[in-house]
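Each remark here refers to the structure printed beneath this line.
All of the numbers you see were taken from the coordinates with simple rules; none came from a lab. Everything numeric here is computed off the predicted structure, so don't read it as measured data. Here the Cβ is made from the backbone with ideal geometry for all residues, glycine too, and neighbour counts use every protein chain on show.
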Amino acid sequence: MNCPLYPVSNRTKGHPPCPQDGPDASPVPQGRHKQSRGNERGEGTTVRVQQEQQAERRRAAAPPGRPARGPASALAALHSTAGNAAVAQLFAPAASHGREPAPVQRITDHPGGSYDARPQPGERGPYFVAQGSEPRWAMGAGDGREPRDIRERLRYQLAEVGPADAPLRVADDGTLAVHGVDEPKEFYATQAVVDSANASLRAVNSTVELTTGGRSIGVGGLRLLRVQPTVVGEQSTENQLGQFVSLLRSTCISVACSLIGSEHAKRAQAVLGDGGNFLLTPGSDSDDRANRLADAVAGDTAGSLDTAGALAAAQGGGTPGADLGRRYGEATRDGGRDATEERLGINKYASPGPGEGFAIFSMLAADNRDHSVSPAVERGENVWGYHFAAVVARSLDGSCQVTLENYSRNEFDEKARTGLYDVLLKRAKSGSGWFSQLKPLLEGDDQKAFKAKFDEVLAALVRDPEVKRNRGMPRLQLQQDFEDHTCRSWFFRVYGGGAGESFHEQQAASGYFNNPMTLRVARPDPAGQ
């Protein structure tokens, strides 16, 4: 299963890329960002970031009692209240002659080496860890943790990155910063950000909390601490360049649901406007209630759809009209439903806090095109049905959110057919003369033939008699080992309040969703789950 569980086209796809990743970013995570998620080859795709005319409204103003920063603090306050578009217009030249004002960004890029990374007393360990963009075969450590004699396995390889080579994406108020690569394994923040985030996570009974330690960096006069997740109740902490903590699941929706405290792996509560909500329980590629809400938004030509009407539509038993994706995409294109979106708190106006999350859905059009852009675009095989991401932290001024995400990485069989299989084949041949009689894996072999040959290869390598007697066990153990590893392949992502920086805008610009709709999601009432 993929990040959105199953892609719309029922083929494994890649997770949408992060449009904000710069040229120094690591290769888009296998398919996750570039190419199909299932085969995670990380082949390049040019990321397009579409600038929106309206910036999303943020609900959190700077906390009271915070030291004033002169004009900068006044501008931050305006960001949180009036919104980015209003601030941009306020500071634009009077005689602009209709020229669009430059957006006031809430995330800034700091090149590697441009911030203070001088070690502080007692600090140690890596500053940053880069996660490989695709799985590769690797040798185990020989410490007894291998799956019953099979030391070769698939891994998303990790590498330490020094500050000189690590660009940062920094929140407008400077209270948090995220490594500017595709799948960062840490972020940096003030202790106040971490304390606030943990209070919110504990309030929803999240399965994780944030911890600091190891390193710190100085950015804009503030000292930021290295932050990583820990599973609540775990007693041990593994080496930072080792396996990392396991989130127990890898599928996007199950990870997000556990982080927001849901008691069900595929159930969240969509939150609209002034507090209305309805359950989301997506199937293979969508959710009927989300589709009905999109239908209501598409039909709101008068701009009068309110929370009550939206809830009635989502929870009703009606069937969306014909060609929902096209109608919704064209209706929302170029800000066509901006007032409705703002009123309902959807799309670029979706603004969850820590302990909540984002859910983005594709609305399928009859021609399989994305009509939210003009001209409509054929996204090919790169379309995902949905993606969920949990928010685990937020900058103190509320303008930037950090998500903790993962997605299902189902390239095991494909990789086993190539690099991993070749390595095991060579090892078996060198150790057993009988293996020369086995026909090689053929291009036309079906899955059954492949598994039979794979089992024979593995059986030749293991020494444990019990494993040898149980046909298929080595392959199953290798599969389970890889699945466990993918549960440790989570990453952070930062979303901002400037034009093009919201979750919705970044995901829509990635090209991995058709006619997308983004919702704020939260933990359902446990009594009603």
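Counting every other Cβ atom within 10 Å of each residue's Cβ, Glu341, Glu263 order from fewest to most as Glu263, Glu341. Diffusion coefficient (Stokes-Einstein, Kirkwood radius over C-alpha pairs, 10 °C, 1.306 mPa s) for the range 241-347: 104 µm²/s, rounded to a whole number. Restricting the trypsin sites (Lys or Arg not before Pro) of the range 118-206 to loop positions (DSSP other than H, G, I, E, B) with no more than 12 neighbouring Cβ atoms within 10 Å leaves Arg124, Arg145.
What fraction, in whole percent, of alpha-carbon pairs in the range 381-529 exceed 20 Å separation? Tail of the P(r) past 20 Å holds 65 percent of the pairs. Values of log10 I(q)/I(0) for the range 458-524 across q = 0.13 Å⁻¹ run -0.64, by the Debye formula with one identical scatterer at each alpha carbon and no solvent. Across the range 167-214, counting alpha-carbon atoms alone, Rg and Dmax equal 11.8, 33 Å. For Glu152, the amide hydrogen comes within under 5 Å of the amide hydrogens of Gly140, counting only partners 5 or more places away or on other chains and with H modelled in the peptide plane.
Measuring between alpha carbons in the structure, the pairs from Lys266/Lys453; Lys185/Lys448; Lys266/Lys415; Lys185/Lys468; Lys266/Lys348; Lys426/Lys448 lying more than 32 angstrom apart are Lys266/Lys453; Lys185/Lys448; Lys185/Lys468. Working note: Debye formula, equal point scatterers on the alpha-carbon atoms of the range 328-423, no solvent; log10 I(q)/I(0) at q = 0.17, 0.21 Å⁻¹ is -0.95, -1.12.
Translational diffusion of the range 160-297 was estimated from the Stokes-Einstein equation, with Rh taken as the Kirkwood radius over Cα pairs; at 25 °C and 0.890 mPa s the coefficient is 141 µm²/s.
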